[in-house]
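Step one of this worksheet: look at the structure below.
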Amino acid sequence: MGLERGTQGSRITLPLLIAVVAGLAQAASLALPWNGQPQWWLQIASLAVLAWQVRAGATTWRHGALLGFVFATAWLCGTFWWLYISMHTYGGLAAPLTVAAILGLAAFLASYYAIAIGAFCRLAVVQRVGAALLFAALWTLAEMARGWLWTGFPWGAGGYAHVDGPLAALARYVGVYGLCFVTAVIAMLLVQLRASDLRSPRAWALVAGGLALLGLAAVDRHCAVELCHTPAARAPAPLQLALLQGNIPQDEKFQPGSGVPLALQWYREQLDGASASLVVAPETAIPLLPQQLIPGYLEGIARRYGSGSQAVLLGIPLGDESEGYTNSVLGARPGLTAPYRYDKHHLVPFGEFIPPFFKWFTQMMNIPLGDFNRGGLGQAPFAWAGQRIAPNICYEDLFGEELGVRFADPAGAPTVFVNFSNIGWFGNTVAIDQHLHISRMRALEFERPMVRATNTGATAIIDHRGVVTHQLERHTRGVLLGSVQGRGVDAQQGWAITPYAFWVSRWGLVPLAVLALAIIAFAAVARNRENR
């Protein structure tokens, strides 16, 4: 009896240990800890390990759900472990409570994947292609649920590992969640390979067809971003940029005796001395409300950019106690009668709004938190130098379906995205690299440049192909000078929107959800017929 219990325990423990290792590998695939580079092959390989365990070793739906839960918990902890720095180092939350909070968040989000894998085992599709499609449908629904439910926290979705590599060409068609679907199909097909498949014409035809489709996508993408978008004589010149990175220490940033005067002085000096066409200062570069500033501070910046040939966009909190506060961007340029304003739409839970019943938790941390007002979805761009410049703040660039709303009218769609961020809360960690790759994915999906101005990094210029063309050394104080060529300036010259931008601007993620649900429904019907 004791030997049987020991054998049964090892049968459970070893697969769970493998799931932990595979989950950590999934996290590493998004940005390697030692160089920050994504590894597309590792993402597929680690997901294939989970698919192999589920397909070959999960004897019940409960066992499958447990494997999915353990894999996802390890993956998510390995992805956003850097929350420890913001909560403990800067927030002062006790270390055990911080660890428990991160584990709790990861476990809660992992429940989506546990449900997905449990459902896969319950339906138990035998046919290999059908099993791969079902696995991908359920996995993609779990990814989308993580990005939508409870305001969403989709940081670290598997598709972000593919900003480089052979599948990057698909981003302009299916977006990051479509890439999650494709990689899940590949992972499950790989683990179901048999030796006999090497002699099967049908298997080789399937491989050849997949490679042909991928090749056509790559050729079409090359045509779209290089040949069909050749600038004509009347296209605006590249936009000359100066991106400011103040590198204000996070533990001093909001301190009136240190970080605040340093930020006000340094950013004002750079704004006064800049010579680029567009000057950009990051999220909360000005760390005070306008009414808290010394008289004439903002007015001086407005006068500086109210005439001449330059424009400015800078991050600043706005509002008052009676009307509420916003995390905002102000813009000034010649010809404006009132400052341009963008208010952040997608707020960060616990950082910019406190979910119900959690005020006790935020009161345990020494972080300037608050309940901010939410800006509208699809706010007007900042028009300058023939470009339509669309701001997004902090992790708003994580929600491509929300940025996509601005493409409903191609003639008024953004030509350049600008991200205003402060990743200083998370130290000099892989969070910087992960956020850079998120911005790169948005550039691939929409074929629009993404300019990033941050407090500590990564301050960078990403072109419409998702390539980082300029980048300032992180955790240094400096100004990044460079240029960017906007896209979609003149639709008559062939600068249109991507297929992804077309469908996501009209229907959001509904088409992907409908496809996934249709696959699941078909599998359920087939399963019921088998059981009769």
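How many residues does the stretch 176-212 hold that are farther than 20 Å from F135 by Cβ, modelled with pLDDT of 70 or more and not in a helix (DSSP H, G or I)?
0
So M87 passes all but one of these: (1) among the hydrophobic types (A, V, I, L, M, F, W, C); (2) within 20 Å of the chain's Cα centre (by Cα); (3) surrounded by 21 or more Cβ atoms within 10 Å (Cβ to Cβ); (4) over 24 Å from L193 (Cα atoms). Which condition number does it fail?
It is condition (2) that M87 fails.
Mind listing whichever residues of the stretch 158-167 are more than 16 Å from V185 (Cβ to Cβ) and surrounded by 22 or more Cβ atoms within 10 Å (Cβ to Cβ)?
Selection gives Y160, V163.
Say we look at the stretch 95-127 and pick out the residues that are without any contact (Cβ under 8 Å) to a residue 60 or more places away in the chain and not in a helix (DSSP H, G or I); which of these is surrounded by the most Cβ atoms within 10 Å (Cβ to Cβ)?
If we take residues in the stretch 95-127 being without any contact (Cβ under 8 Å) to a residue 60 or more places away in the chain and not in a helix (DSSP H, G or I), then Q127 is surrounded by the most Cβ atoms within 10 Å (Cβ to Cβ).
Taking E252 as the residue in question, decide whether it is on the phi < 0 side of the Ramachandran plot and not in a helix (DSSP H, G or I).
Against the criterion (on the phi < 0 side of the Ramachandran plot and not in a helix (DSSP H, G or I)), E252 qualifies.
Looking for something in a loop (DSSP other than H, G, I, E, B), under 32 Å from the mean Cα position of the chain (by Cα), closer than 30 Å to F153 by Cα and among the aliphatic types (A, V, I, L, M) - is there at least one such residue anywhere in the stretch 320-342?
Checked against the condition, which is being in a loop (DSSP other than H, G, I, E, B), under 32 Å from the mean Cα position of the chain (by Cα), closer than 30 Å to F153 by Cα and among the aliphatic types (A, V, I, L, M), the stretch 320-342 yields no hits at all.
Restricted to the stretch 143-175, and to residues that are assigned to a helix (DSSP H, G or I) and charged (D, E, K, R), which residue is nearest to H437 (Cα to Cα)?
R172
Are any residues in the stretch 147-181 over 14 Å from G400 (Cβ atoms) and without any contact (Cβ under 8 Å) to a residue 40 or more places away in the chain, and if so, which ones?
If the condition is that a residue be over 14 Å from G400 (Cβ atoms) and without any contact (Cβ under 8 Å) to a residue 40 or more places away in the chain, then L149 is the only one that fits.
Each row is one residue, and each column tells you yes or no for (1) assigned to a helix (DSSP H, G or I); (2) under 25 Å from Q127 (Cβ atoms).
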residue	(1), (2)
A27	yes, no
N35	no, no
A51	yes, yes
R62	yes, yes
A65	yes, yes
W75	yes, no
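Here is a yes/no grid of residues against (1) closer than 30 Å to Y90 by Cα; (2) at pLDDT 90 or above:
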site: G215; (1), (2): no, no
site: R234; (1), (2): no, no
site: A237; (1), (2): no, no
site: Q240; (1), (2): no, yes
site: F254; (1), (2): yes, no
site: S275; (1), (2): no, yes
site: E283; (1), (2): yes, yes
site: L289; (1), (2): yes, yes
site: Q292; (1), (2): yes, yes
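A390: surrounded by fewer than 24 Cβ atoms within 10 Å (Cβ to Cβ), more than 15 Å from the chain's Cα centre (by Cα) and assigned by TED's automatic domain parsing to the domain that holds R333, yes or no?
no
Restricting the first residue to the stretch 496-507 and requiring it to be more than 10 Å from E447 (Cα to Cα), which pairs with a second residue that is at pLDDT below 95 and surrounded by 21 or more Cβ atoms within 10 Å (Cβ to Cβ) meet a Cβ separation below 8 Å and a spacing of at least six or different chains?
So the pair list comes out as S505/I497.
Can you pull out every residue in the stretch 374-423 that is modelled with pLDDT of 95 or more, of a type in the set (S, T, Y) and either assigned to a strand (DSSP E or B) or under 30 Å from Y90 (Cα atoms) (or both)?
S421
The values are calculated or read from the model by the stated rules, or taken from the named source; none is laboratory data. These numbers come from a predicted model, not from an experiment. We place every Cβ from the backbone using ideal geometry, glycine too, and count neighbours over all the protein chains shown.
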